[in-house]
1. Only counting protein heavy atoms at a 1.4 Å probe, give the residues of segment B:107-146, ordered by number, whose accessible area falls by 10 Å² or more when the other protein chains are present relative to the chain alone.
2. Relative to the compact-globule scaling 2.2 N^0.38 Å, provide the ratio for the alpha-carbon radius of gyration of segment B:175-224.
3. Relative contact order of segment A:67-265, please, whole-number percent, based on alpha carbon pairs below 8 angstrom and at least 6 residues apart.
4. Can you pick out the pairs among B:K59/B:K229; A:K2/B:K84; B:K9/B:K29; B:K44/B:K228; B:K84/B:K228 whose Cα atoms lie more than 25 Å from each other?
5. Among the DSSP beta bridges whose two residues both lie in the protein assembly as shown, what percent are antiparallel, rounded to the nearest 5?
6. Quick one: compute a quarter of the convex hull surface over the Cα atoms of the protein assembly as shown and quote it in nm².
7. Pop out the ³J(HN,Hα) list for segment B:202-217 in order, Karplus 6.51 cos²θ - 1.76 cosθ + 1.60 with θ = phi - 60°, rounded to Hz; leave Gly and Pro as x.
8. Would you work out the Kirkwood radius for segment A:89-181? I mean one over the mean of 1/r across all pairs of different Cα atoms, in Å.
Amino acid sequence: MKTRDIFQESYTALAANKVRTALTMLGIVIGIGSVIAMVGIGQGAQGSIEANIQSIGSNLITVSSGVQRTTGAAVSGGLGSAQTLTQEDADALKEELTNIKAVSPELSRRYQVTAKGTNTNTQVIGAETGYPTVRNLNIDSGSFLNDEQVKNASKVAVLGPTTRDTLFGEGTDPIGQTIRINGTQFKVIGVTQAKGGSGFTNQDDMIFVPISASQRYLVGLSASGKAYVSSIAVSAENPEVMTEVQNQVTQIMLQRHNMSDIATADFTVQNQSDLVSAASSVTETLTILLASIAGISLLVGGIGIMNMMLTTVTERTREIGLRKAIGATRSDINFQFLTEAIILTFVGGGIGVIFGWAVSLIASNFGITSQIDYTSVLLAFGVSAGIGVIFGYYPARRASRLNPIEALRYE
Amino acid sequence: MIECQNIYKTYVNGDVETKVLKDVSFTIKDGEFVAIMGPSGSGKSTMMHILGALDTPSKGKYILDGQDVSTLTDDELAVIRRQKIGFVFQSFNLLPRATVLRNVALPLVYAGIDNMEREELAKKASLQAGLDESRFYHLSNQLSGGQMQRVAIARALVNNPTLLLADEPTGNLDTKTGDIVLGTFQRLNDQGHTIILITHEPYVARHADRIIQIRDGQILSDEENKDKKIFNSDSDEN
């Protein structure tokens, strides 16, 4: 029997029962479609989280404040909420570290900001001149803070593009205008370039002021009367010296805080790759979870195929008997029924891929990034053809083993 | 040439052994028109299955065209059926929702003959079976009983078999259409086809040249049919 004829016979048989064929195929369409969509959304989440982490700086080591963990029931505050890191720590790091590009102490807090009748609530970051280097930040117009302004605690501010849009309207030039942060007037001297990002990690919705000005006019001093910072970001010269720099940072900080063990210290030192891998492992788990739920629906679709094929074999017993009587061998019948199952899953898989693609496109319209790579499409095709073979095998075998005499008598 | 030598067929169902055929021997020469007759339970159906290479005897030899068929495997039997045997069943067994030509050409699909040649051979066989050309592209379930049986006959002829086996071919037809179908068999026999007709009706058997009567798994009589009934008309009924 020729391959072409096998397809012809299978197609005719499937076309004879269009509704049933379509419904059975739907199971596979939904199965494959949801696998594609779920994996796409999972990978998209992973991609965007990684991109977000990358965009906050390169070769970055971050020192964050935290409550010293002592024996007993001490509660560790959220990162950056405690006041254990001081401006002096940052200055010491600047002096003592080698192999670094810049050190950037930061003091951030949310404030109500107003400008000519508009107002918004946004993150105000006290920064120094090292900030753009450490955080990969570029200036769109005007200039960033300079040493003079930091030294003098000048009341100047650099706006993120989103903040500029909110306060002054899109595309306007706010340089020279004044804004009020928590009641204090600041003069706008620059606007940063958009970096993208969304939600809590939106780096375009920020205002930068000299850290000294923030300490003096906005946040104030710590309970012990010291100028404190929420975190200190250090940018290493290149990826190779990351570990070395991280060790230096830890040593200097431990020494300054009179502590011996990083595990019980009142600060934490993290490097960026730790963050990336932590976030990746979370999203990977999420992707696997989503994909396995979708995989279950694929399995159900496969069982649907098997069910339909078994029904078909029973219904067409006489036809199978006739085909055998006029000279069909076991393998002819076997291939014919297997081909029917594979056509079902393959076509269903194809539609499923398109469907899953569409779902993830729609999802990205709602702000959920998704990302479909060709390996997952190929995999889906492979899996659906495989399901056809696995779930079509038993019914096809049953058909091929029918005794022609009994099959012809079957009522 | 068909030779059956001391054929036995026994079915075993649990502890019960049923001897369906007991030492049956006969020879049918090429071009003969033979009716195998017997009441139900006589073993004539089993005989037909063996002659049609659907089944093998428990003991004895069945030689078709000089080849011993009695010891072949299922798939080898399938090849014999596709090359040498044409079946006509009581209930037609056509593929519904398929055209006349597609039904007729079906055995050629399994013989691996390509599309163009299939259509040619199917048209030829359909004309031979007395089907009108205007019906070639009708769906098989839109035809009358007599026409359906002609399609089945054409399907049996299409691979130019050594042996045409008809199992109660008129059982589902009224007398008039039955007669016409039997006339078709006679005409095919005149053209040189070897035909074996399996029936329980003496009236149907009377159309053959030779009648073999089977009772309880054995041959009761095997003689020439002296008052053969002959039809002249062989027109397509509507």
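1. The answer is B:P107, B:V109, B:Y110, B:G112, B:D114, B:N115, B:R118 - residues whose exposure falls by at least 10 Å² when every protein chain is included.
2. 1.22
3. 29 percent
4. Long pairs (Cα-Cα over 25 Å): B:K59/B:K229; B:K84/B:K228.
5. Restricted to the protein assembly as shown, the bridges split so that about 70 percent are antiparallel.
6. Its average projected convex-hull area is 46.1 nm².
7. For segment B:202-217, the Karplus curve yields x, 4, 5, 4, 5, 7, 8, 7, 9, 10, 10, 9, 10, 9, 6, x Hz.
8. 14.7 Å
The values are calculated or read from the model by the stated rules, or taken from the named source; none is laboratory data. Just so it is clear, the model here is predicted, and its values are computed rather than measured. Cβ sites come from the backbone with ideal geometry, for glycine too, and all protein chains shown count toward neighbours. In case anyone asks, the SASA skips ligands and DNA or RNA and just uses the protein heavy atoms, side chains included. Shrake-Rupley method; radii C 1.70, N 1.55, O 1.52, S 1.80 Å.
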